[in-house]
Amino acid sequence: MIEYIDSPDLPDALRIKALRDLHTELRTPPASLVEQKPKGGTMLSFVGHAAVTEMLLRHDPLWSWTPYAVSPLSGEPLMDRDSNGRPIGMWIKLTIFDHSRVGYGSVEVNDRKQDGDLIKEIIGDGIRNAAMRFGIALNLWSKSDLESAAQPPSAADLVMEQATKWTKPQRDKIKQTLKTHGIIDDNATTFELFAEQVSKHESVAKDVKAWALAKEQTEKKIIKDLEEIATNE
C-alpha cells in the first residue's frame, strides 16, 4: 500500500506522485470490496460507498468532500429536485491529497424512502462518482459503462424511466388504473416492483401513461353510453 502524507500542503511533485500511485493501486479494487447487482439483464460489478470510504481512509485520512454549491440564504447544499420537491441529485467536490475533483450523486425516488435516506444515498453516490475521477475502481466503471452500452434497455428499465418522470398525483392515478385492470397488484410499492410487474405486459410497458389514459377514456365513454341508454328508456 502507498504511504499517505499527513500534511495539508503537499508539494506539487509529491501530490502528483501520490495521486498517480492512488490510481495505480486502486484502479482495480480488492476483490473483497466488490459487489454485484442485476441491471439490464446482466450482473454489474461495483464498489459501494462504504468500500470507497475504506479505500480513501487507507490512503488519505484527511480526505474530504463538500457540496459544490450551497444556498446563499440557508447555507444548505443545493440539490436537484423532482416535480414534488424531493431530492434526486447533487454536485459535490471530493478532495484527496489536497486536490479536488467534481462528481455527481443521484438517487431513484420511491414512496418508501424518506428525504433523509435519499440525501444519504445521493452523498454516497456522489463520493463514488467523484472517486472514479481519481481512478478509484475505474476498471469497474469502464466495464459497467461498456456493458450498459452493449445491452439494450430492458422493458423494466423503460417503465422505470417513464415512472420517475410522473408527478405523485399522476403516479397514483395511473397505478389505480393499472391495478383495476390487473396489470399490477398491491405489492407494487416501489418503482422497482412497479416496473417489474408492468414490464410483463409489452403493450402497456411501451407507453404506460398513454395506455392508462386510453383505458380511462374508453371507460368514460362506456359509462356515458350506458347513461344515455338508461335515459332514453
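Quick notes on this one:
- Boolean, Arg58 is without any contact (Cβ under 8 Å) to a residue 60 or more places away in the chain and charged (D, E, K, R): yes
- The set of residues from the stretch 76-118 being under 22 Å from Thr164 (Cβ atoms), surrounded by 15 or more Cβ atoms within 10 Å (Cβ to Cβ) and touching a residue at least 40 places away in the same chain (Cβ under 8 Å) comprises Met79, Asp82, Val109, Asn110.
- Screening the candidates Leu73, Leu56 for the property of being loosely packed, with under 15 Cβ neighbours inside 10 Å and of a type outside the set (Ser, Thr, Tyr) yields one hit, Leu73.
- Among the candidates Lys200, Lys168, residue that is without any contact (Cβ under 8 Å) to a residue 60 or more places away in the chain, not small (Gly, Ala, Ser) and not assigned by TED's automatic domain parsing to the domain that holds Lys113: Lys200
- Being modelled with pLDDT of 90 or more and closer than 25 Å to Met43 by Cβ is a description that does not apply to Ser148.
- Among residues of the stretch 1-55, those that are within 21 Å of Ile96 (Cα to Cα), small (Gly, Ala, Ser) and either modelled with pLDDT under 80 or touching an Asp or Glu at 6+ places or on another chain (Cβ under 9 Å) (or both), counted: 5
- If you go through the stretch 125-140 and keep only what is of a type in the set (Val, Ile, Thr), part of a helix (DSSP H, G or I) and modelled with pLDDT under 90, you end up with nothing.
- Residue list for the stretch 64-107, filter: part of a loop (DSSP other than H, G, I, E, B) and not small (Gly, Ala, Ser): Tyr68, Pro72, Leu73, Glu76, Leu78, Met79, Asp82, Asn84, Arg86, Phe97, Asp98, Val107
- Figure legend. Inter-residue proximity from the stretch 122-149: first residues crowded, with 19+ Cβ neighbours inside 10 Å, second residues modelled with pLDDT of 90 or more and of a type in the set (D, E, K, R), beta-carbon distance below 6 Å, spacing 6+ or different chains. Indicated pairs: Ala130/Arg101.
- Identity of the residue in the stretch 149-204, β-branched (Val, Ile, Thr) and under 20 Å from Pro38 (Cβ atoms), that ends up farthest from the chain's Cα centre (by Cα): Val198
- Among the residues of this structure, Thr177 does not count as one that is surrounded by 14 or more Cβ atoms within 10 Å (Cβ to Cβ) and in contact (Cβ under 8 Å) with a residue 60 or more places away in the chain.
- Inspection of the stretch 67-74 finds no residue satisfying the criterion of being under 30 Å from Ser154 (Cβ atoms), at pLDDT 90 or above and under 19 Å from the mean Cα position of the chain (by Cα).
The values are calculated or read from the model by the stated rules, or taken from the named source; none is laboratory data. Since the model is a prediction, treat every value here as computed from it, not as a measurement. Cβ: placed from backbone, ideal geometry, glycine included. Neighbour counts: every protein chain shown.
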